[in-house]
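The next block holds one structure in the form of structure tokens; read it before the comments.
The values are calculated or read from the model by the stated rules, or taken from the named source; none is laboratory data. Values in this document were obtained by computation on a predicted structure and should not be read as measured data. Backbone-built Cβ (ideal geometry, glycine too); neighbour counts: all protein chains shown.
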Amino acid sequence: MSEAAAKPTLAVWKFSSCDGCQLSILDLEEELLDIVGAVEIAYFPEMTRAVVKGPYDVSLVEGSVTTPEEAERIAEIRENSKILITLGACAVAGGIQALRNFDGADAHAWVPTVYAHPEYISTLSTSTAISDHIDIQGSVQGCPPNKYHLLELIGSLVWGRTPNLPTHSQCLDCKVKGNVCVLVAHGTPCLGPVTRAGCGSVCPSYHRGCYGCHGPAETPNMDALTTRWRSLGVAEDDIVRGRRMFYAWDPGFVGPGEEHHKQPAAETTRGQGSI
Amino acid sequence: MSTVMDVQAVYTLIDSLKSDGYEVVGPRLRDKALGYVAGTNGSDLPAGLGDDQSPGNYRTRDRGDGALFGFRSSPQSWRRWIFPPNAEVWSARRDNDSFVVDTSAPDSMKVAVIGARACDVAALTIQDKVFLDGQFQDPAYKARRENLLIVAVNCSLDADSNTCFCASMGTGPRVQAGHDIALTEIIEGDKHYFVADAQTDEGSRILEGISGAPAGTDEVAAADSAISNVADSMGRKVDADGLPELMNESYESPRWTVVGERCLSCTSCTMVCPTCFCTNIEDSGDLNGVATRTRSWDSCFTLRHSHIHGGAIRNTNKARYRQWAIHKMGTWQEQFGTSGCVGCGRCITWCPSGIDITEEVTAIREEA
Ligand code: SF4
Ligand code: SF4
Ligand code: SF4
Ligand code: SF4
């Protein structure tokens with residue numbers, strides 16, 4: 001990138017989500033000046049009210065699709081973006097709100113129990129990944145993503161190289177850190193063996209089992225891990241709850257003998273996962 | 001000539017290593033396990049603590065005998081002090097129209113490991129072949145290796161060695177070569193002593209400064225018989241006869257499918273193994289134009305390990321477990337002239353699925 005060239009424009013969009021992914025960008029406090037030096041923040045309401053009109057070189061998308069309006073809006077954003085990257089568990093896999101997708105759940109039946117005026121609520125019966133609706137160029141995993149992975153992504157886009165984002169199992173990072181395995185040494189159920197590294201093995205470092213918040217590792221073997229959890233004496237419904245968290249609807253976290261439940265509403269194919 | 005030392009003398013030995021400028025890496029209770037930690041004092045040694053290990057399970061226990069080294073293989077080997085998990089290889093930064101490359105000099109910290117077992121010392125000599133004996137030497141490894149002092153401990157206390165099988169692999173339980181000092185801990189009724197032997201000049205120099213009496217024939221015999229007792233009661237066995245050939249011909253064994261279903265491809269076995277040497281090289285650049293090349297521990301259980309043009313060639317857990325086991329027990333021989341396994345048992349204990357390499361090798365032999 002030469003000094004004279006216009007900076008690439010970056011837009012950050014929110015769908016059904018908690019804003020945590022966007023906050024991870026803002027958490028890059030020490031690097032924010034470098035970021036705004038390298039890219040033009042064209043649309044990022046959580047950061048600035050100034051808006052530059054599209055189309056955009058890069059769009060980062062947080063959140064899942066849970067309303068008819070969102071299903072339309074993501075198609076427009078796709079039209080207006082050269083590169084579109086999804087951020088976080090909601091955008092990548094539907095998020096924890098995808099619990100509504102499972103058999104027996106009925107989002108429409110829940111609405112009156114949550115909202116005083118259910119007549120104002122218009123919702124889909126599913127929460128689906130952005131890549132179920134449009135093609136994407138890649139994603140950064142995690143609930144929320146590691147802020148340094150976001151920095152790595154932005155750097156790689158600026159320099160035109162492939163970002164270094166891990167896809168291997170949490171256990172590798174746990175061992176590198178020198179942690180004692182909580183599953184083997186404490187008998188604590190841990191999702192680490194099937195979970196993607198990237199958080200810095202936070203939970204095992206504090207003697208907790210991994211909760212899978214970075215999503216499935218590259219080739220998760222949930223059947224084998226379930227066998228191990230059973231041998232630790234974890235109850236069947238706790239095993240199911242254990243894997244139905246941030247990445248509940250991700251095919252990588254489907255348990256033994258389970259189908260991937262009902263198909264998502266949209267008929268577009270899933271994206272490729274990581275870039 | 002052997003010397004007899006008491007518990008206090010072991011503490012003095014640690015103090016004297018520290019005053020000689022060594023960073024002492026020794027065993028300590030941490031996170032409910034007995035592992036190696038830097039900055040060891042005599043009072044950190046896990047007096048009276050032992051462990052119980054089985055496939056996928058590890059627990060500490062009170063031995064009730066005050067033993068300083070009454071435990072088996074540690075959760076991880078101490079390879080990280082010679083072959084660190086993450087190391088910057090070089091970095092480069094922009095300088096007007098050119099760029100400048102920065103390489104840091106290898107660090108020259110003196111490290112002394114106390115409590116190293118025979119399997120781990122044997123593993124170090126295997127890693128030496130990888131990093132030092134080939135066409136190219138690894139300068140960072142070489143610098144750390146030259147500054148390493150090893151106070152080894154012969155395994156003498158635990159009759160049932162649980163997941164270990166060093167006797168099968170011919171590496172232990174008596175430390176063979178590569179160490180500076182060897183200690184054998186003996187507890188008989190009220191008597192608690194160590195038989196110490198220096199193996200190198202540096203080892204002799206250090207032992208001379210420690211109070212101890214020349215060992216008598218009884219004490220030497222007690223040490224010998226305690227070590228043989230451990231050798232005779234190994235928790236696991238592998239028939240090492242013709243093992244490389246067996247493994248090299250096992251490619252089509254149906255056993256790989258069975259074990260592949262249990263394997264999580266979690267990489268734990270390769271991370272805890274004292275001989276594994278695979279690394280990943282990553283280049284990255286920050287927003288200010290500083291590029292960094294980093295070398296990090298990698299494993300044949302990751303997809304990228306077999307990634308070539310067009311994708312990974314070992315896509316299944318079965319293919320990756322097979323690669324690992326055949327490398328350890330088979331092709332390593334061709335590559336480096338030794339087995340890649342020293343029988344420390346760590347991959348068995350620390351496998352979250354409890355997969356036991358000795359059981360797999362036995363099954364493959366029975367099917368062959
Ligand atoms: S604590 Fe969990 S993530 Fe860490 S090594 Fe053990 S199983 Fe893997
Ligand atoms: S393969 Fe297993 S038993 Fe053999 S040296 Fe490695 S960790 Fe130890
Ligand atoms: S290929 Fe696998 S078994 Fe062989 S050294 Fe590398 S990580 Fe260890
Ligand atoms: S053999 Fe065990 S420790 Fe090794 S990758 Fe498979 S599950 Fe993990």
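General remarks:
- Some residue of segment B:100-112 being part of a loop (DSSP other than H, G, I, E, B), under 30 Å from B:Ala231 (Cβ atoms) and more than 16 Å from ligand 4 (Cβ to nearest atom): no
- Meets criteria (in a helix (DSSP H, G or I) and either within 14 Å of chain A (Cβ to nearest Cβ) or more than 16 Å from ligand 3 (Cβ to nearest atom) (or both)) for B:Ala221: yes
- Test for A:Asp223: is it part of a helix (DSSP H, G or I) and within 16 Å of ligand 4 (Cβ to nearest atom): yes
- Segment B:1-17: number of residues that are surrounded by fewer than 16 Cβ atoms within 10 Å (Cβ to Cβ) and out of contact with any Gly (no Cβ under 9 Å at 6 or more places or on another chain): 1
- Residue count for segment B:125-139 satisfying the condition of being under 15 Å from B:Cys278 (Cα atoms) and in a helix (DSSP H, G or I): 6.
- Among the residues of segment A:189-200, the ones that are under 18 Å from A:Val140 (Cβ atoms) and more than 10 Å from every other protein chain (Cβ to nearest Cβ) come to 4 in all.
- Residue count for segment A:172-194 under the criterion of being without any contact (Cβ under 8 Å) to a residue 24 or more places away in the chain and within 16 Å of ligand 3 (Cβ to nearest atom): the result is 2.
- Meets criteria (surrounded by fewer than 16 Cβ atoms within 10 Å (Cβ to Cβ), modelled with pLDDT of 95 or more and in contact with a Ser or Thr (Cβ under 7 Å, 6 or more places away or on another chain)) for A:Pro45: no
- Conditions (1) in contact (Cβ under 8 Å) with a residue 24 or more places away in the chain; (2) within 16 Å of ligand 1 (Cβ to nearest atom); number of the one not met by B:Arg80: (1)
- Residue that is within 16 Å of ligand 3 (Cβ to nearest atom) and more than 14 Å from chain A (Cβ to nearest Cβ), where the choices are B:Ala112, B:Ala105, B:Ala122, B:Ala140: B:Ala122
- In a residue-by-residue description of segment B:60-77, the property of being crowded, with 22+ Cβ neighbours inside 10 Å, modelled with pLDDT under 95 and closer than 30 Å to B:Asp283 by Cβ applies to at least one position.
- Of all the residues in segment B:336-360, those that are within 14 Å of ligand 3 (Cβ to nearest atom), within 21 Å of B:Val258 (Cα to Cα) and away from chain A (no Cβ under 14 Å) number 2.
- You will find that of B:Gly21, B:Gly66, B:Gly35, the residue that is part of a strand (DSSP E or B) and either within 11 Å of chain A (Cβ to nearest Cβ) or in contact (Cβ under 8 Å) with a residue 24 or more places away in the chain (or both) is B:Gly35 and no other.
- Residue in segment A:202-209 that is within 11 Å of another protein chain (Cβ to nearest Cβ), buried (at least 23 other Cβ atoms within 10 Å of the Cβ) and modelled with pLDDT of 95 or more present: yes
Residue-by-condition table, conditions (1) near ligand 3 (Cβ under 10 Å from one of its atoms); (2) more than 27 Å from the chain's Cα centre (by Cα); (3) assigned to a loop (DSSP other than H, G, I, E, B):
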| position | (1), (2), (3) |
| --- | --- |
| B:Met271 | yes, no, no |
| B:Leu287 | no, yes, yes |
| B:Arg295 | no, no, no |
| B:His327 | yes, no, no |
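- Among the residues of segment B:343-364, those that are assigned to a loop (DSSP other than H, G, I, E, B) and of a type in the set (A, V, I, L, M, F, W, C) comprise B:Cys344, B:Trp350, B:Cys351, B:Ile355.
Listed here are the residues, each with its yes/no results for (1) touching a Lys or Arg at 6+ places or on another chain (Cβ under 7 Å); (2) away from ligand 2 (no atom under 16 Å from the Cβ); (3) of a type in the set (Gly, Ala, Ser).
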{"residue": "A:Cys181", "(1), (2), (3)": "no, no, no"}
{"residue": "A:Cys203", "(1), (2), (3)": "no, yes, no"}
{"residue": "A:His207", "(1), (2), (3)": "no, yes, no"}
{"residue": "A:Ala217", "(1), (2), (3)": "yes, yes, yes"}
{"residue": "A:Ala224", "(1), (2), (3)": "yes, yes, yes"}
{"residue": "A:Gly233", "(1), (2), (3)": "no, yes, yes"}
{"residue": "A:Arg241", "(1), (2), (3)": "no, yes, no"}
{"residue": "A:Tyr247", "(1), (2), (3)": "no, yes, no"}
